Amino acid sequence: MAARLIQDVGIPSPQIITGSDLYHMSDEALLRRVHDVDLFAAVEPNQKERIILALKKAGNVVGCLGDGINDASALHAADVGISVDEAVDVAKEAADIVMLEKDLGILVQGVREGRTTFANTLKYVFMATSANFGNMFSMAGASLFLPFLPLLPKQILLTNLLTDFPEMTIATDRVDREMVEQPRRWDIRFIRNFMATFGIVSSLFDYLTFGVLLLVLEATPEQFRTGWFLESVISSAVIVLIIRTRLPFFQSKPGNYLFMVTLLIVGLALFLPFTPLAKVFGFIPLPFLLFYSLELLLGYSWLPQKLRRGSFTRK
């Protein structure tokens, strides 16, 4: 019966192991064969747990669906135990998910939502770690050679506040199809390398901005702080749109909230030095310096797209 069912779902010549086969198979032998098997049939409760443990040791993330007392140990051993509302209490207590409807499509939808959440979480991790790492280098380096504070404390707080708004909307962002088609895992090494590389690149452009403001335009402390504030806020807001996808940014449409908030923050940063609040925060209007900061921004925005082309997660 089980062999007929698996053939009906599209596997013409399935590899099948039965419970009696498992009796004569060691855990090491099961571990070697577990990836080649299409179907385990007529297995006992303890054998279900053996199969799940073997799949986990082989590097898989394992889900188990069950509704009876005999399924409790397997549900507990799986990475994700799934039961139904009509199941016995022991099975529901052992499960991580209890479905209230008799529809396996709910699991498909849940998997897609989970992969979408994972992808958006990665965007935030990339943005937050790399930006903070670069800002730390920029602020520390500028403090060594400048005779004044690069940014006042209230200006730093304002910068962090404005740049956080686009990042807060990442949770509502669209996700590229390739990110939900297959399961993904954390790749801590790539995240670390991206943070270090992009952080250093960010600092280099900050130092380039410093050089232009001080050596070319001979900016006063107020002009310097205003120029760096504009470059920091605008670049951080725009980079979110680029870092969110591995595709060229014009081929992957961002979520509506992310796009609108990014435009709002950029506009607010550009307009702020011309408002009465400028005096409160120590800013002054910078028409010529502003255009030069935007010119630097265009070059700075091109690099993260190249860094993001690498695969940052593993299957």
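Structure data summary
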{"read-out": "Unique residue being over 30 Å from residue 241 (Cβ atoms), open to solvent by less than 90 Å² (accessible area, probe 1.4 Å), basic (Lys, Arg) and in a helix (DSSP H, G or I) when the list is 123, 92", "value": "92"}
{"read-out": "Test: residue in the range 41-54 that is open to solvent by 70 Å² or more (accessible area, probe 1.4 Å) and free of Cβ contacts under 8 Å to residues at least 24 places away in the same chain", "value": "no"}
{"read-out": "Qualifying residue in the range 6-16 (condition: surrounded by 12 or more Cβ atoms within 10 Å (Cβ to Cβ), at positive phi and either in contact (Cβ under 8 Å) with a residue 12 or more places away in the chain or in contact with a Phe, Trp or Tyr (Cβ under 7 Å, 6 or more places away or on another chain) (or both))", "value": "no"}
{"read-out": "Residues of the range 201-254 that turn out to be in a helix (DSSP H, G or I) and of a type in the set (Lys, Arg), as a count", "value": "1"}
{"read-out": "Options 216, 233, 212, 238; residue that is among the β-branched types (Val, Ile, Thr) and surrounded by fewer than 18 Cβ atoms within 10 Å (Cβ to Cβ)", "value": "216"}
{"read-out": "Failed item, numbered, when residue 124 is tested on (1) touching a strand residue (DSSP E or B) at 6+ places or on another chain (Cβ under 6 Å); (2) closer than 30 Å to residue 195 by Cα", "value": "(1)"}
{"read-out": "Matching option when the condition is over 18 Å from residue 280 (Cα atoms), open to solvent by 10 Å² or more (accessible area, probe 1.4 Å), assigned to a helix (DSSP H, G or I) and not small (Gly, Ala, Ser), among 191, 156", "value": "191"}
{"read-out": "Residue that is among the hydrophobic types (A, V, I, L, M, F, W, C), open to solvent by less than 20 Å² (accessible area, probe 1.4 Å), modelled with pLDDT of 90 or more and farther than 17 Å from residue 202 by Cβ, where the choices are 99, 179", "value": "99"}
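The values are calculated or read from the model by the stated rules, or taken from the named source; none is laboratory data. If you're wondering where the values come from, they're calculated on a predicted model, not measured in any experiment. FYI the Cβ positions are ideal-geometry reconstructions off the backbone, even for glycines, and counts take in every protein chain you see. Side chains are part of the model used for accessible areas, which takes the heavy atoms of the whole protein and leaves out ligands, DNA and RNA. Shrake-Rupley method; radii C 1.70, N 1.55, O 1.52, S 1.80 Å.
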